[in-house]
Each structure stands twice: as structure tokens, then as C-alpha cells.
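J.: Dropping the structure in here first, questions after.
The values are calculated or read from the model by the stated rules, or taken from the named source; none is laboratory data. What you see is a predicted model, and the numbers here were worked out from it, not measured in a lab. Here the Cβ is made from the backbone with ideal geometry for all residues, glycine too, and neighbour counts use every protein chain on show.
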Amino acid sequence: MVSGSGSFEAFTGLEAAIVLISFVVVAAVFSFVVLGTGFFVTEKSEEVINSGLKETSNSLNLFGTVVAKVKVSDPELRYIMFYLEQCGGGTGIDINKISYEISTDEFIKDFPPGDSSVEYVWKISPDDDNILEDGEILRVRIYPDSVSLAGGDSFKCSVIPSEGHGIFFSRDIPDNLVKNDYYELV
């Protein structure tokens, strides 16, 4: 209200209250947005960390040596045999989801999960599932029938699980292979 002396003090107090309330509302909205973004980033970071821990805790390891059997008819490899174990104490690796790759300078041969050229035999497994867990040992035989691996060749083998870290190894095949014999590959 305007008094006779021309004082506008009531309007100044009302304006100050409106400005103060506006600042409080803007600050509340801003803090809500900042906190929401912070919680979202924290949650995503936790997911990334957990995914990384799961990935590193499920690792394959080559157990023992790599052995090859030579065909009865030709001095070429009939199969490559090696043992796998899971290390790192993770949740385990599903052997039905492991793929393999054998390569030389001339070819690359993929063995997808479920390929009939890959054969599994459990050497140590206290349970009846298809999960390679800590303390279990799995024998793997790969029959590279469609490719020729003969004496003097070198090859690389990759074991690639669907989750976790796989392994990679390379081996040399001795020069003079005797039919129907076994060789430790180094």
C-alpha cells in the first residue's frame, strides 16, 4: 500500500521474498539433477567394475603339455590334445560356449561351439555339469581333418570362451612324423 509520504517498502520486501523463493527452487532443481546424475554414474561404474571382475576371474589355463597323434594312413596330425583348467576362482566357464581357432601361415580354421571336430573328456570333475570350475580339468581333442598339419609345420591355437579370458599357444610339429605315433609338441 502506498502511504501519503510515498513509501514503497512493502513492495521491496515482497520482491525480496519472491527472489529468495526463486533461488531456493532453482537450487533444489539443480541439486536434484546433479545428485541424480551422480547416482547414475556411480551405478554404471559399479556395473563396469563387476563386469571386469567377472571377466578376469573366469580365465582359462593350459594344464600340462600339448600332445599330437599322427594318422595311421598319412604322416599328418590326426588330432591335437591338451588339458584346460579354470583359474581365478570365478563362477566357471561353460564348455559348450568355447570356440577354437587353429592357424598357420596358409590357413585359419575356426571350430565354433558345438563343432563335432572338438571332443571333450573330463579328467577331474566332481559334478555333472558342463561348467569348467576351479579344481576341474578338461581334456580337449581337436581333429583338424579339413586341414593338413604335417611334419615341420607350426600352428597357433586359440581357445576363446564366451566369457572370461581365453588362451593362445603356438607349437612346432617335429619334422619326421611316424604314422600312428604320439608327439609332445613344444
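J.: The conditions are (1) part of a loop (DSSP other than H, G, I, E, B); (2) closer than 14 Å to I137 by Cβ, and F82 fails exactly one of them. Which is it?
T.: Failing condition for F82: (1).
J.: In this structure, does N96 turn out to be polar (S, T, N, Q), exposed (fewer than 13 other Cβ atoms within 10 Å of the Cβ) and out of contact with any Lys or Arg (no Cβ under 7 Å at 6 or more places or on another chain)?
T.: Criteria met by N96.
J.: Within the stretch 123-133, identify whether any single residue is at pLDDT 95 or above and not hydroxyl-bearing (S, T, Y), and answer yes or no.
T.: no
J.: Can you name the strands (runs of 3 or more DSSP E) wholly within the stretch 104-157 that have at least 1 residues being more than 16 Å from G64 (Cβ to Cβ) and under 20 Å from the mean Cα position of the chain (by Cα)?
T.: Hits in the stretch 104-157: 108-111.
J.: In this structure, does T91 turn out to be over 30 Å from L185 (Cβ atoms), out of contact with any strand residue (DSSP E or B) (no Cβ under 9 Å at 6 or more places or on another chain) and β-branched (V, I, T)?
T.: Against the criterion (over 30 Å from L185 (Cβ atoms), out of contact with any strand residue (DSSP E or B) (no Cβ under 9 Å at 6 or more places or on another chain) and β-branched (V, I, T)), T91 does not qualify.
J.: Right, next: For D115, state whether it is more than 30 Å from Y183 (Cβ to Cβ), assigned by TED's automatic domain parsing to the domain that holds I160 and free of Cβ contacts under 8 Å to residues at least 24 places away in the same chain.
T.: no
J.: Does I108 meet the test of being in the same structural domain as D74 (by TED's automatic domain parsing), in contact (Cβ under 8 Å) with a residue 24 or more places away in the chain and among the β-branched types (V, I, T)?
T.: Considered against the rule, which asks whether it is in the same structural domain as D74 (by TED's automatic domain parsing), in contact (Cβ under 8 Å) with a residue 24 or more places away in the chain and among the β-branched types (V, I, T), I108 comes out as no.
J.: Of the residues P174, P161, only one is surrounded by 20 or more Cβ atoms within 10 Å (Cβ to Cβ) and either not assigned by TED's automatic domain parsing to the domain that holds V72 or not polar (S, T, N, Q) (or both); which?
T.: Exactly one of P174, P161 is surrounded by 20 or more Cβ atoms within 10 Å (Cβ to Cβ) and either not assigned by TED's automatic domain parsing to the domain that holds V72 or not polar (S, T, N, Q) (or both), namely P161.
J.: If you don't mind, there's one more thing I want to ask. Could you look through the stretch 24-76, keep only residues that are out of contact with any His (no Cβ under 6 Å at 6 or more places or on another chain), among the small types (G, A, S) and in a strand (DSSP E or B), and pick out the one that is modelled with the highest pLDDT?
T.: Looking at residues that are out of contact with any His (no Cβ under 6 Å at 6 or more places or on another chain), among the small types (G, A, S) and in a strand (DSSP E or B), I get A68.
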